[in-house]
C-alpha cells in the first residue's frame, strides 16, 4: 500500500523562505488555543479536508465545535479536534452528533467519571449511530494534567482519520500545572503529535472501504497540532488553513519556564527532541511524577522524550545560557552595568562568572561568503543582535531571537510525503528580554 | 550485489578538476587557540591545558556492510595527519591557528579523497575542557552535482547558543571548501551524540553520525575514593562507577536510499525502510571484529568495534545512544541486568541534578531508544559466570544484514576471568 | 461488554503455587502446529510448545504457562520435535528465559552456526545460532534455573530467535513470592495475563514450505511485516472482547510482549501502578494509564478499580488483526430472494461480498413470498417462504430445507394473501401473519395455525392494493403493522390495529408506486425505520423521519436486481 507520489528534494532554506514569504509568519506565542470557560459542547463528527505542508489536500474526519466558541472553528471539522481547557473537578458535557458514514463515539482515558448515552452500545462506550445519530458524554476530571480524547469506534480507522484531540485540566493554582510548586511555569504550549497514511484517507474519500487494510498502514505525514512543518510556524487560525487552526511556535525569554504538554495522538511513537536544552519531565498521563504528591521528586531530565500513542507528558523547559563561556549578548568586557536579570539569576544560581558576562566569543566566524544562512538567522551570533546579510538571506527573525528546532528525531518524519523538509518539526524561540510575549 | 560505479575515482577526480568543482578559493583553517587564561577549569591542576581541539572533515566515502555489500555514505572523518592520531588534540603553544602541517589540514586536493568514516570519529572529552571543534567541508567526490553545506550538531549540549547548535535552519552552515569552528564550554558530563543537521533526513540516513561523551570531573583523583576508576556522572557516592566503558551507537541504513544517492537518483524519503541495523556502524558479526574494516578502495572507513570484554565482577558502562533515522530499537541484555543510571546526558536523579533528592536508577533487561535518545547503563558482572553473552535488539527481525540472516544489531560481551 | 474469552488460553497450565519449595520439572515438546485465525479463517503454520504428557499435535501458542514461587527451582526438559521441517531446514532449538540465569552445566554457552560452541576465540566470522546449548532435531536438552526471582518472564527459544520466536516458541513464566498471590512483596487479589504477539503469514508460510533459508525465496526476516496481532494467542480487534475482568482490591496485570514490535496497552477508566519490569522491581510506584511495552518486555502492574467489574485494555497503537472495514454497518441488514437462491448481506455493509456474505443455494421456489424472522429465539433472523397457504420456515438457520427439522405450517392464510412476520407479543420470537385486502390475521400464539378466538384480527387497517409492512415503530419491543400505498406510508404507531389519524404515523412521500417497501432497525436504536427496494437499489431512512434527507439517508445502489424479492433481518 505504499505509494510514492513523487520524488523531490527541496532545499530547506528555499522552501521555508518561499512559504514564509507568502505567509507573513506571525509573532509566535506561548499559550494554548482551545475552548476555555465552557463546559457544554456540541460537537459534530464529520468529514473535511486538510492541507499538508507540501500543498496536498487530504480528506479527514474531525470533530467540529458547533458552539461558535473562541478557540475552535465554529461548525467546521478540525484537525486535531478542539482543545478543551477546563479546571480540575469540573464536569464537561459533550453532545456528539454523527455525520460520518459509520457509527462513532468518544473515549476519555484518565477521566474520573464518564457517563455515556447514545444510540448504540458499542464495545467500549455508547456510540452515535451513523446518519445523524447522537451520543452524549458527561466527563469529570478531578486531577489536573494533560489528557487526550479520541474515537472509541472502529478506532484503527477513525483515529487515523483524525478523530483525536487534547484536554488540558488546570490545577487550582494559576501558573502551576499541578498542585506542586515544581510545576510552575511562565508560559505553556501544547504539542499533539500525529501521523497519517493518506492512502487510507483517499480510499475513504472514494468509498472504497473494502480495500482498506489497516495492517498495511504506512504513515508518510507527521503533524504537530494538526499541521506539518513548516505550516506549524504560521499563526493560529490563519484563513488559508481553515481546518487546521492550531500552530506550535512557543516563545520565551532567557530564564523563563515553558510548560510543554506533549500528547501522543497518532498510531506510532515519536522521539521528540528539544534543541537548546534538556526538558525536565514532571508528569506522565496527567500524574505528577512524585512520591508524595507535592514535589516532583521523580521528575527526570532528557533531551529527547519519546511519546507513544495515548501517552501524555508534561515537561518544563528553560534556557539560561549559563556557562556558555562567552557573553551571548555580546556585551563589552567592561560593560557590567548591562547584566540582565537572567544573567544575574545565573550568577546567583551557578556562581560568579556563570553568566560569562562580558566574555568575547572565542572563535572567529567564517566570512559570509563561506556560509549558508537560515532565514531565521539574524546575522549575528548574539541574542537581540542583527547584522547585514547578503540579499535574500535571513529576514524572518525580527527580534534577533535564538531559534531552536523541536522535532521528531526519527528524521524520516521530517518530510511531507516524500518531500523534505516538513513533517513533525517546529521551533522554540528564545527572545531577547525586551520582547513582549503574548 | 551492488552496482558498479560507472567511473573510476581517478576519472572523477580529473573531471572535477576540469569543472573546478572544488572552489579555487577553498580555504580550510583550524582554530585551536592555546589556553592562556591562567585558570584550571578541568580540575587537573594544570592551568594551561583546558583547551582541546577536534578537526573533522565532512565528505563522502564507502563502507562495507556485514553481508559484503558496498554502501555509499556521507560522513565525517578526523582530519589529522594520520588516522591513528588522536581525534582530540591539544593546541600548539602560542598558535591560535596552527600550521596546516601540524594538524593535517586538507588541501583542496587532499579534501576530495572519499575519506568519510562510519561512524564519525568518537570524541571523548572531559568536563571543564573547552572544545574547539572545526568542521572542514571537503565536498562529496561521488556527487559533484552537490554543493551541500554541512554542520555539526552537538546533540544535547545544554544551553547551547544557536550559532553553535549546528542547525542550518536557525543559523549557519559551512559551504564546501571552507571551515567553521564551533566552541563548546564543557560543563555537563554525559553521553551525547553528534551529527550533521543539514537536510537531516538525507545526511543522517547517509551516515553523518557519531559518538561524543564527556567524562565527569569525578574521574580525577580528588582524594575521595568512591571505589571505581571511573564514573558516568559526578554522583558523589560512586553509584555510577564503572571499570570498562563502551559507547554503543545504534545506526541503521536503507540500502535503496544509499544506492539512489550514489547513482544520483531521486531519494526515496517516503519509502525509507532500514534494512541494515547496526551498532557503531557495523552489522553482526562485524561488530565483533576488533580490527578496522577496509572498504572496496582498501580504505579503512569503519574504525569502531562493539566488542565488550570485562573481567568477571567488574562493571561496564554502556553509553548507549541512537541515531537511527527511521525506527525505534529495543536493545536487550537478557543475562546481565541493565541498570540505567543516566539518560539525556544527565544522571538519573530528580530533575537530572547530581544533588537530586531521589535516585531514579532502575534495573531492567532491555531499553528502547528512538533516534536522538541516549542512556547510560551499568552492566554489573558480579554474579555472572565467565562466558560469552549477547546484547541485541529484541525487534528480532533486525538480527539481519538486509537479506542475510544471523546478523544485524547484535554484539557480544565477554566476561573474562576475574582480575587478580 | 463481553468477557475476555482469551483468558482461558493456558491449555497446559503448570501450577505449583503455595506448596513447600519444590523442584519442578516441566517436560516441553517443541512441535509444528497449524492454527486457524478466527475472522479470516486463514490457516497459519506455527511452532509451539506442549507438555510432553499431552497428545502430539496439541501444542499451543503461547505455550503452557508455568507458575512457581521463589522457593522453587525449575527444570525444563525440552524435546525438539521440529525434526520434519522439510527440505533444507534443520532447526535445533533451545530455551532461554531473559532475566533469569540458567544454572545447569553448559548453561548459556553459545552455539555457533558452524556447530561449534564456547568462546569464539579469535574467529570474527562466527555467528551465534543459539545463546545456549541446543536440543537437536529429534533430540533433547535440559535447562535448570535454581534461583528464581519474583516477576513475570518470557520463556522463549534461544536459537535462531529471528525465526523461532516469531514462529511461536514462547510461553509465560510467573514467579510469585513464597506462598503465592504476591509478587515483589505485594499481595494481589486477582491476576490477569496479557501476552501480546504477532504473526507475519508470509514468513510462516515460507518456513513451512521450505522457502526460507539461504538460497530460498526468503533469506532473512528483515522484511517482517505482521498481519495478525494476538492477545494471549488470539487475534483481536476493537469490535471484539476488550474487557478485562477485575475484582475489588488489587488486580495484578502481567503484560508480556513476545512480538517484535512495540505495543502500548491503554487502560480505560482506571490507572495502573507499575510494579516490576523484566523481573525487576521498579524503585518507585508510578501511576499511568498507558504503558509502552516494547518487544521482549514484561511488566507487572497493579490495577485498583473497586467500583468496576471489568476494564477495557487495548493496544493504543491500534494494531488490530485484519477485519472488514465497513463504510456503514447496518444494525439490521438486508438480502434478496431470487426464486430459489438467497443472497444475504451478512456483514451489513450494504454490498455483496462473496465469501463473506451468505448465499443459500435453494430455499423456496418461484412465486413464493419471502419473510424473515427469529423463529428459534437465537436473536438472529432466519428466512422463510409463504406459498399460498403453507409456510416453510428455516428454523435451524442453515439456509437449506431440512424436512424433519425445519418448520412447516400447513395452513395459515390463502392464495392472494400478503405474508408478514413480526413479534406480535414481544416474546423475542417472530410469528407469521397475513394481510388480506385491509384485514390482518396475526398468529399471536405462534403455533402456526389459525385460532379464531386467540389469534389477532385487525379488521380495517389498509385497503386493497396496499403493501403490508410490520415493525416496532415505537420501540416497545412489540411489532406493529403498517401499509405502503404508492409512496405513502401509514403506520399503526399506537399498536391498536386501527387507523387513528391523530396518533398514528403517516409519511407522505418515501418511495413511489412500484417500489417494494422494506423495514428494519438500520441504525440499531431499537425502533424500526423504513426504506424501499427499487430494482437492486436500497433507499433507507436512516434518521427515521420518513423523509428522504440527502447526505444523511443512505442509498445502497447495488444489492440485488430487478425481480428480486427483498428481505431484511439480523443475519448471523
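Of C:313, C:383, which residue is out of contact with any helix residue (DSSP H, G or I) (no Cβ under 9 Å at 6 or more places or on another chain), away from every other protein chain (no Cβ under 14 Å), touching a residue at least 40 places away in the same chain (Cβ under 8 Å) and not in a loop (DSSP other than H, G, I, E, B)?
C:383
Hey, any hits in the range C:299-310 for a residue that's within 14 Å of chain B (Cβ to nearest Cβ) and touching a strand residue (DSSP E or B) at 6+ places or on another chain (Cβ under 6 Å)?
Checked against the condition, which is being within 14 Å of chain B (Cβ to nearest Cβ) and touching a strand residue (DSSP E or B) at 6+ places or on another chain (Cβ under 6 Å), the range C:299-310 yields at least one hit.
From (1) over 25 Å from residue A:174 (Cβ atoms); (2) in contact (Cβ under 8 Å) with a residue 60 or more places away in the chain; (3) touching a helix residue (DSSP H, G or I) at 6+ places or on another chain (Cβ under 8 Å), pick out the condition that doesn't hold for residue A:272.
(3)
Out of (1) in a strand (DSSP E or B); (2) under 23 Å from residue A:109 (Cβ atoms), the odd one out for residue C:320 is which?
The number of the failed condition is (1).
Is at least one residue of the range C:156-166 part of a loop (DSSP other than H, G, I, E, B), more than 24 Å from residue C:24 (Cβ to Cβ), within 11 Å of another protein chain (Cβ to nearest Cβ) and touching a residue at least 60 places away in the same chain (Cβ under 8 Å)?
yes
Is it the case that the range B:176-186 has a residue that's free of Cβ contacts under 8 Å to residues at least 60 places away in the same chain and in a loop (DSSP other than H, G, I, E, B)?
No, the conditions are met nowhere in the range B:176-186.
Among the candidates C:52, C:102, C:81, which residue alone is closer than 30 Å to residue C:302 by Cβ, without any contact (Cβ under 8 Å) to a residue 60 or more places away in the chain and in the same structural domain as residue C:31 (by TED's automatic domain parsing)?
C:102
Listed here are the residues, each with its yes/no results for (1) under 28 Å from residue A:407 (Cβ atoms); (2) modelled with pLDDT of 95 or more; (3) within 26 Å of the chain's Cα centre (by Cα).
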{"site": "A:136", "(1), (2), (3)": "no, yes, no"}
{"site": "A:146", "(1), (2), (3)": "yes, yes, yes"}
{"site": "A:163", "(1), (2), (3)": "yes, yes, yes"}
{"site": "A:168", "(1), (2), (3)": "yes, yes, yes"}
{"site": "A:171", "(1), (2), (3)": "no, yes, yes"}
{"site": "A:196", "(1), (2), (3)": "yes, yes, yes"}
{"site": "A:203", "(1), (2), (3)": "no, no, no"}
{"site": "A:208", "(1), (2), (3)": "no, no, no"}
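For the condition surrounded by 23 or more Cβ atoms within 10 Å (Cβ to Cβ) and under 24 Å from residue C:470 (Cα atoms), what is the one hit in C:368, C:345, C:374?
When all the criteria are applied, what remains is C:345.
Output the residues belonging to the range A:119-135 that are within 15 Å of residue A:158 (Cβ to Cβ) and either outside any strand (DSSP E or B) or more than 7 Å from chain C (Cβ to nearest Cβ) (or both).
Within the range A:119-135, A:122, A:123, A:124, A:125, A:127, A:128, A:129, A:130, A:133, A:135 qualify.
Considering only the range A:278-292, state which residues are without any contact (Cβ under 8 Å) to a residue 60 or more places away in the chain and assigned to a loop (DSSP other than H, G, I, E, B).
Answer for the range A:278-292, where residues must be without any contact (Cβ under 8 Å) to a residue 60 or more places away in the chain and assigned to a loop (DSSP other than H, G, I, E, B): A:278, A:289, A:291, A:292.
Being within 8 Å of another protein chain (Cβ to nearest Cβ), surrounded by fewer than 20 Cβ atoms within 10 Å (Cβ to Cβ) and either without any contact (Cβ under 8 Å) to a residue 24 or more places away in the chain or not in a loop (DSSP other than H, G, I, E, B) (or both) is the filter here; which residues of the range C:211-270 pass it?
Within the range C:211-270, C:214, C:219, C:223 meet the criteria.
So if I check each of C:60, C:69, C:75, which one is away from chain B (no Cβ under 14 Å) and either within 26 Å of residue C:199 (Cβ to Cβ) or touching a helix residue (DSSP H, G or I) at 6+ places or on another chain (Cβ under 8 Å) (or both)?
Going through C:60, C:69, C:75 in turn, just one is away from chain B (no Cβ under 14 Å) and either within 26 Å of residue C:199 (Cβ to Cβ) or touching a helix residue (DSSP H, G or I) at 6+ places or on another chain (Cβ under 8 Å) (or both): C:60.
Restricting the search to the range A:181-200, which residues are farther than 30 Å from residue A:428 by Cβ and buried (at least 24 other Cβ atoms within 10 Å of the Cβ)?
A:200
Report those strands (runs of 3 or more DSSP E) wholly inside the range A:358-438 carrying at least 2 residues which are closer than 29 Å to residue B:33 by Cβ.
The strands (runs of 3 or more DSSP E) meeting that bar are A:371-373, A:402-408.
Taking strands (runs of 3 or more DSSP E) that fall entirely within the range B:353-420, which contain at least 1 residues that are without any contact (Cβ under 8 Å) to a residue 40 or more places away in the chain and out of contact with any helix residue (DSSP H, G or I) (no Cβ under 6 Å at 6 or more places or on another chain)?
It comes to B:362-364, B:366-369, B:387-393.
Quick one: residue A:116 ticks every box in (1) assigned to a strand (DSSP E or B); (2) within 13 Å of chain C (Cβ to nearest Cβ); (3) under 23 Å from the mean Cα position of the chain (by Cα) bar one, so which box is it?
Just one mismatch for residue A:116, condition (3).
This table checks each residue for (1) out of contact with any strand residue (DSSP E or B) (no Cβ under 9 Å at 6 or more places or on another chain); (2) away from chain B (no Cβ under 14 Å); (3) under 30 Å from residue C:528 (Cβ atoms).
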{"position": "C:276", "(1), (2), (3)": "no, no, no"}
{"position": "C:288", "(1), (2), (3)": "no, yes, no"}
{"position": "C:295", "(1), (2), (3)": "no, no, no"}
{"position": "C:332", "(1), (2), (3)": "no, yes, yes"}
{"position": "C:339", "(1), (2), (3)": "no, yes, yes"}
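Within the range C:541-567, can you find the residues that are touching a residue at least 40 places away in the same chain (Cβ under 8 Å) and either crowded, with 16+ Cβ neighbours inside 10 Å or within 16 Å of residue C:517 (Cβ to Cβ) (or both)?
Of everything in the range C:541-567, those that are touching a residue at least 40 places away in the same chain (Cβ under 8 Å) and either crowded, with 16+ Cβ neighbours inside 10 Å or within 16 Å of residue C:517 (Cβ to Cβ) (or both) turn out to be C:546, C:547, C:554, C:556, C:559, C:560, C:564, C:565, C:566, C:567.
Taking residue C:399 as meeting all but one of (1) in contact with a strand residue (DSSP E or B) (Cβ under 7 Å, 6 or more places away or on another chain); (2) at negative phi; (3) at pLDDT below 95, write down the number of the exception.
Result: residue C:399 fails condition (2) only.
Any residue at all in the range B:331-349 that is under 21 Å from residue A:276 (Cβ atoms) and under 16 Å from the mean Cα position of the chain (by Cα)?
yes
Working only within the range A:345-402, note down all residues that are facing chain B (nearest Cβ under 7 Å) and either out of contact with any strand residue (DSSP E or B) (no Cβ under 8 Å at 6 or more places or on another chain) or touching a residue at least 12 places away in the same chain (Cβ under 8 Å) (or both).
Of everything in the range A:345-402, those that are facing chain B (nearest Cβ under 7 Å) and either out of contact with any strand residue (DSSP E or B) (no Cβ under 8 Å at 6 or more places or on another chain) or touching a residue at least 12 places away in the same chain (Cβ under 8 Å) (or both) turn out to be A:362, A:372, A:373, A:374, A:376, A:377, A:381, A:402.
Going through B:213, B:194 one at a time, which residue ends up being surrounded by fewer than 24 Cβ atoms within 10 Å (Cβ to Cβ), more than 11 Å from chain A (Cβ to nearest Cβ) and in contact with a strand residue (DSSP E or B) (Cβ under 6 Å, 6 or more places away or on another chain)?
Testing whether each residue is surrounded by fewer than 24 Cβ atoms within 10 Å (Cβ to Cβ), more than 11 Å from chain A (Cβ to nearest Cβ) and in contact with a strand residue (DSSP E or B) (Cβ under 6 Å, 6 or more places away or on another chain) leaves just B:213.
Restricting attention to strands (runs of 3 or more DSSP E) lying wholly within the range C:456-572, give those where 1 or more residues are closer than 21 Å to residue C:370 by Cβ.
Fully inside the range C:456-572 and qualifying: C:467-471, C:480-485, C:488-491, C:516-520, C:529-534, C:537-540, C:554-556, C:565-569.
The values are calculated or read from the model by the stated rules, or taken from the named source; none is laboratory data. Computed from a prediction, not measured in an experiment: that's the story for all the values here. Virtual Cβ from ideal backbone geometry, glycine too; neighbours counted across all protein chains shown.
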